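Accompanying notes for the structure given below.
The values are calculated or read from the model by the stated rules, or taken from the named source; none is laboratory data. Quantities reported herein were computed from a predicted structural model and do not represent experimental measurements. Quick reminder, even Gly has a Cβ in these numbers, built from the backbone with ideal geometry, and neighbours come from all protein chains shown. For accessibility, only protein heavy atoms count, side chains too; no ligands or nucleic acids. Shrake-Rupley method; radii C 1.70, N 1.55, O 1.52, S 1.80 Å.
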Amino acid sequence: MDSILVRGGGPLNGQIPIAGAKNACLTLMPATLLSEEPLTLTNAPRLSDIKTMTQLLQSLGAEVTSLQEGKVLAMSSHGLNNPTAHYDIVRKMRASILVLGPMLARDGHAIVSLPGGCAIGARPVDLHLKALEAMGAELDLRDGYVHAKAPLGGLRGGTVDFEFASVGATENAVMAATLAKGTTVLNNAAREPEIVDLVECLRAMGAQIEGEGSSTITIQGVDRLGGATHRVVTDRIELGTYMLAPAICGGEVELLGGKIDLIGAFCEKLDAAGISVTETDKGLKVARKNGRIRAVDVTTEPFPGFPTDLQAQMMALLCTAEGTSVLEEKIFENRFMHAPELMRMGAQIDVQGGTATVTGVDQLRGAPVMATDLRASVSLILAGLAAQGETRVARVYHLDRGYEQVVRKLSGVGADIERVQGE
Ligand code: UD1
């Protein structure tokens, strides 16, 4: 297993290109299952999670061809021949559950393994299942699989009142409803940019949807969907992660493709911490103002609030801020596993349940640390960039799930970082 070696150093300067969004791509890919005609995605990120979704779709009988070194995905689902999403693939990635709605809508039945727990919490799929039941689906949970059947004549429109604005459940429900008979109304729907991106793609395929980006999405079912070519939206989490690199190390970095409206709540917190963010015609420019970072309090919330997927990275910044910051994690129940690793580097953090109190120190020190999940792993790299000496981050397969070419992107702006074999 590979590790990343980071040596803390001076300021970072230059440009970093931001890829297409992993989380958007992982919901756009299953949309191919809704149509017999080709769906092509451009600006796809090159990540192991995308390979896992490719394998899953191929196992169902879809064709997925990766072009231009993985930046373009050409997909076609004219010959689906297997209704079962097998545990062997689903267990690798929770987003696999996103094939359930489209398969059920298109073929009237689907058998999908339950994704199981994951390192950052229990993460059940009850909201996905309730939404499909509201469209008439009959669900039977046995042997670790959801066996789903649509009524005779297919799914029918219904009203779904989400108890929580779940991103995945909203995506599954929107996709299923595009081919249901009649109108579906999703109340308390998630508002994330990845959902807006999915709806734009489905609309290009012929779906009739209104209200994306708001809490109520209305879908008028159609008989069939056609093909489309769609460009995947910018990855706001990769964007926020790399915005933190000059914030932590000093310097000025332009993030190509970045936009403030993807990441407004995060930019407000950077501003409060003393980091300047300006829009340019190519993206966002981030510079650290003079002096030490100021402590800020952060609470994670569904979009447009501060994203849980940037909490670990923000904590890395606040470890060297002047004063005490309180971070509250409201989305996942166990998402502070990076805290003990940051403490190995000299950070002062006290975790009590869903609250972490970070007291800034003058300087972090390099140490061997271990990645525990995707966003935790990149937070340790960011901390390593600020630390004195060398940090070795082990278990970087977590990183490969969600960050393409991290070494190339960071060394391109002057960071001292390399990937080495072995722990
Ligand atoms: C998506 C993102 C993930 C991000 C999360 C929250 C993808 C592939 N992943 O995950 O990176 O961290 O949004 O922004 O897009 N929940 C239930 N029952 C359900 C579904 C969810 O209780 O049926 C709970 C979860 O346990 C969690 C919370 O709701 O505590 C948020 O989950 P959700 O919004 O569904 O996140 P994902 O779609 O899994």
Any chance L98 is away from the ligand (no atom under 15 Å from the Cβ) and under 19 Å from A169 (Cβ atoms): no
Of L244, L239, L225, the only residue that is outside the structural domain of R408 (by TED's automatic domain parsing) and open to solvent by less than 20 Å² (accessible area, probe 1.4 Å) is L225
When the range 73-95 is checked residue by residue, the ones that are open to solvent by less than 80 Å² (accessible area, probe 1.4 Å), polar (S, T, N, Q) and assigned to a loop (DSSP other than H, G, I, E, B) are S77, N82
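Determine if the range 1-11 includes at least one residue that is among the polar types (S, T, N, Q), more than 16 Å from the ligand (Cβ to nearest atom), closer than 20 Å to Y397 by Cα and open to solvent by less than 10 Å² (accessible area, probe 1.4 Å). Outline the logic, then answer.
Of the range 1-11, the ones among the polar types (S, T, N, Q) are 3.
With the extra rule that they be more than 16 Å from the ligand (Cβ to nearest atom), the set shrinks to 3.
Now drop any that are not closer than 20 Å to Y397 by Cα, which leaves 3.
The next check asks that each one be open to solvent by less than 10 Å² (accessible area, probe 1.4 Å); those that pass are 3.
Yes - at least one qualifying residue is present in the range 1-11.
Conditions tested, residue by residue: (1) open to solvent by 10 Å² or more (accessible area, probe 1.4 Å); (2) at positive phi; (3) touching a helix residue (DSSP H, G or I) at 6+ places or on another chain (Cβ under 7 Å).
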position: A204; (1), (2), (3): yes, no, no
position: E212; (1), (2), (3): yes, no, yes
position: I217; (1), (2), (3): no, no, yes
position: G257; (1), (2), (3): yes, yes, no
Flagged in the range 288-332 as out of contact with any Gly (no Cβ under 7 Å at 6 or more places or on another chain) and among the aliphatic types (A, V, I, L, M), in numbering order, are V296, V298, A312, M314, M315, A316, L317, V326, L327, I331
H398 vs (1) within 17 Å of D235 (Cβ to Cβ); (2) touching a residue at least 40 places away in the same chain (Cβ under 8 Å); (3) not charged (D, E, K, R): all pass except (2)
Residue hits (the range 69-81; farther than 18 Å from D400 by Cα and at pLDDT 95 or above) are V72, L73, A74, M75, S76, S77
Over the range 59-72, the set of residues surrounded by fewer than 16 Cβ atoms within 10 Å (Cβ to Cβ), charged (D, E, K, R) and not in a helix (DSSP H, G or I) is E63
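So, in the range 145-158, of the ones that are of a type in the set (G, A, S) and more than 16 Å from the ligand (Cβ to nearest atom), which residue ends up surrounded by the fewest Cβ atoms within 10 Å (Cβ to Cβ)?
Taking the range 145-158 first, the residues of a type in the set (G, A, S) are 148, 150, 153-154, 157-158.
If we keep only those that are more than 16 Å from the ligand (Cβ to nearest atom) as well, we get 150, 153-154, 157-158.
On the way: A150: 24, G153: 9, G154: 18, G157: 18, G158: 20.
Restricting to residues being of a type in the set (G, A, S) and more than 16 Å from the ligand (Cβ to nearest atom), the top hit is G153.
Here is a yes/no grid of residues against (1) part of a strand (DSSP E or B); (2) farther than 27 Å from D400 by Cβ; (3) assigned by TED's automatic domain parsing to the domain that holds F164:
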site: D49; (1), (2), (3): no, no, yes
site: L57; (1), (2), (3): no, no, yes
site: I97; (1), (2), (3): no, no, yes
site: G101; (1), (2), (3): no, yes, yes
site: K130; (1), (2), (3): no, yes, yes
site: A148; (1), (2), (3): yes, yes, yes
Considering only strands (runs of 3 or more DSSP E) wholly within the range 276-379, the ones with at least 2 residues that are assigned by TED's automatic domain parsing to the domain that holds G251 and more than 28 Å from R7 (Cβ to Cβ) are 324-328, 348-352, 355-359
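Take the conditions out of contact with any His (no Cβ under 9 Å at 6 or more places or on another chain), farther than 26 Å from N82 by Cβ, outside any strand (DSSP E or B) and not small (G, A, S) and apply them to E200. Does it pass? Spell out the reasoning first.
Numbers: out of contact with any His (no Cβ under 9 Å at 6 or more places or on another chain): no; farther than 26 Å from N82 by Cβ: yes; outside any strand (DSSP E or B): yes; not small (G, A, S): yes.
No, not satisfied.
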Exercise. Scan the range 411-418 and give yes if some residue there is closer than 27 Å to N334 by Cα and without any contact (Cβ under 8 Å) to a residue 60 or more places away in the chain, otherwise no.
Key: no
Taking the range 21-47 and keeping only residues that are within 13 Å of the ligand (Cβ to nearest atom) and not in a loop (DSSP other than H, G, I, E, B), one is left with K22, N23, A24, C25, L26, T27, L28, P30
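Which ones in the range 218-275 are outside any strand (DSSP E or B), over 28 Å from D362 (Cβ atoms) and more than 23 Å from the chain's Cα centre (by Cα)? I'd like the intermediate steps shown before the answer.
Filtering the range 218-275 down to residues outside any strand (DSSP E or B) leaves 221-224, 226-227, 232-233, 235-250, 257-274.
Next, only the ones that are over 28 Å from D362 (Cβ atoms) stay: 221-224, 226-227, 232-233, 235-239, 257-265.
Result: G221, V222, D223, R224, G226, G227.
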The residue that is least open to solvent (accessible area, probe 1.4 Å), considering only those in the range 159-184 that are more than 13 Å from the ligand (Cβ to nearest atom) and more than 19 Å from L34 (Cα to Cα), is T159
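Run down E200, E192 and say which single residue is open to solvent by 40 Å² or more (accessible area, probe 1.4 Å) and of a type in the set (D, E, K, R).
Exactly one of E200, E192 is open to solvent by 40 Å² or more (accessible area, probe 1.4 Å) and of a type in the set (D, E, K, R), namely E200.
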task: Would you confirm whether any residue within the range 339-351 is open to solvent by less than 10 Å² (accessible area, probe 1.4 Å) and at pLDDT below 95?
output: no
